[in-house]
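Below: one structure, written as structure tokens.
The values are calculated or read from the model by the stated rules, or taken from the named source; none is laboratory data. These numbers come from a predicted model, not from an experiment. Note: ideal-geometry Cβ built from the backbone for every residue, glycine included; neighbour counts use all protein chains shown. Remember, those area values only see protein heavy atoms, side chains included, never the ligands or the DNA or RNA. Shrake-Rupley method; radii C 1.70, N 1.55, O 1.52, S 1.80 Å.
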Amino acid sequence: MSYINENFLKLQENYLFSTVAKKVAKYSKENPEKDIIKLGIGDVTRPIVPACIEAMNKAIIEIGTQEGFKGYGPEQGYEFLREAIIKNDYNTRGVELDLDEIFVSDGAKCDCGNIVDIFAQENKVAITDPVYPVYLDTNVMSGRTADFDGKKGMYNGITYIKMNAENNFVPEIPKERIDLIYLCFPNNPTGTVLSKKELEKWITYAKQNDSIILYDAAYEAYITEEDVPHSIYEIEGAKDVAIEFKSFSKTAGFTGVRCAYVVIPKALKGKTREGKEVSINALWNRRVCTKFNGVSYITQRAAEATFSEEGKKQIRENIKYYMENAKIIKEGLEKAGFTVYGGVNSPYIWLKVPEGKTSWEFFDFLLEELNIVGTPGSGFGPSGEGYFRLTAFGTREKTIEAIERINKKYN
Ligand code: PLP
């Protein structure tokens, strides 16, 4: 008999987005004439910018020549890309990093999920609630939680840090000691951010408690306000306590191309049970070299091109386009009488569902009455109940039409 990893059996039956997809597919099959507008899943719609396409084309020609052929590349990513990342994403914000503190990968989802490999099972884990489900489910799979409590909608053995309108979406610093803390800002799903001052409190907490912060900055490129940190390393001392995840997916439309990176400063240390300090960077490097063979050369050239002058300009245009959508959604919903959060430093709009409806009831209503697909807040955790997420990643026409449908119904 081959025994299975029984932690997988603790997972709740359906991953949020597959439930949404199944409901939409069913409705669509039964009502083929309906024009459904999808503002649910966080995927982009703008094509890859010309600067990246040119770089990929050039790389394709290059690898077809004897001199330019590339076999296995460095598991951690080519130096040209790691240099460009440090220069553009960090040095410009006053952060110095070494090349071997950057690990290029094929996605922040994999990185956030895989990072659990290098930490002991008995670590106490905290997530914000609501949360990007990957942090939670990968900890369930790897056995860091007890069973799911259906009444509370929470796993036992994990700390949920509430983030809702009552605390202005600022997660409260835990009273107890936590080993691993997942933070994501700009936040998915709420679209809200933490100020520098608030983030400083987390660094102080992590230092005092010997904790590690797993900081997901996948939406950093959408920040528009001054006092919002683009990287956790803008906060003094963060290199001692934080890992940062970044992605080209939402910045440059690479959701299909696949490229991301993790920053693990060499100053970051974990401990063995005997109390011996171990470099987290060295552990991750060992894992990467064993389980990963690097991102394709073509993709890394495309990622590098996002930092060229042309690339930056073209990407900025796309982000502006999505943020204009966010503004249309936010203002349109407010006009229709909704209470709305996010949408200023993030492509996500988090709205309060009308009194008396649950998040899923509002999902069904929007799908069936207005033919609009969003994501029910409760799918991101119990504190998401009563909220609903819309994304600004749709096309301008569909975004405007969706808001018109809502305004017709509510005005
Ligand atoms: N982190 C957050 C918070 C996300 O919302 C997403 C995607 O939606 C990811 C990571 C995944 O990024 P990637 O496409 O690089 O895997």
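When you restrict to C-alpha pairs under 8 Å that are six or more residues apart and normalise by the size of segment 53-307, the relative contact order lands at 26 percent. Pairs exceeding 26 Å between alpha-carbon atoms, taken from 26/330; 70/313; 124/269; 196/327; 152/271: 26/330; 70/313; 152/271. For segment 230-275, the set of trypsin sites (Lys or Arg not before Pro) satisfying both a DSSP loop assignment and a count of at most 10 other C-beta atoms within 10 Å is given as 273.
Which pairs break 24 Å Cα to Cα here: 197/276; 23/398; 197/357; 266/291? As for pairs spanning more than 24 Å Cα to Cα, those are 197/276; 197/357. As a fraction of the 1.4 Å probe accessible area of segment 53-307, surface on carbon and sulfur atoms comes out at 48 percent. In the context of the full set of protein chains, segment 53-307 has a per residue accessible area of 43 Å² (1.4 Å probe). Estimated purely from DSSP H runs of n ≥ 4, each contributing -39500 (n - 2.57), the mean residue ellipticity at 222 nm for the chain is -10500 deg cm²/dmol once divided by its residues.
Hey, if you put +1 on the Cβ of every Lys and Arg and -1 on every Asp and Glu Cβ in the chain, which of 204, 77, 182 ends up farthest toward the positive end of that dipole? Final value for the positive-end residue is 182.
What you get for segment 53-307, charging only the Cβ of Lys and Arg (+1) and of Asp and Glu (-1), is a dipole of about 540 debye around the Cα centre.
A Cβ-based charge dipole, computed about the Cα centre of segment 50-113 with Lys and Arg at +1 and Asp and Glu at -1, lands at about 260 debye. How much net charge surrounds residue 334 when only the other residues with a Cβ under 14 Å from the Cβ of residue 334 are counted, with Lys and Arg +1 and Asp and Glu -1? Every neighbour counted, the sum reads +3.
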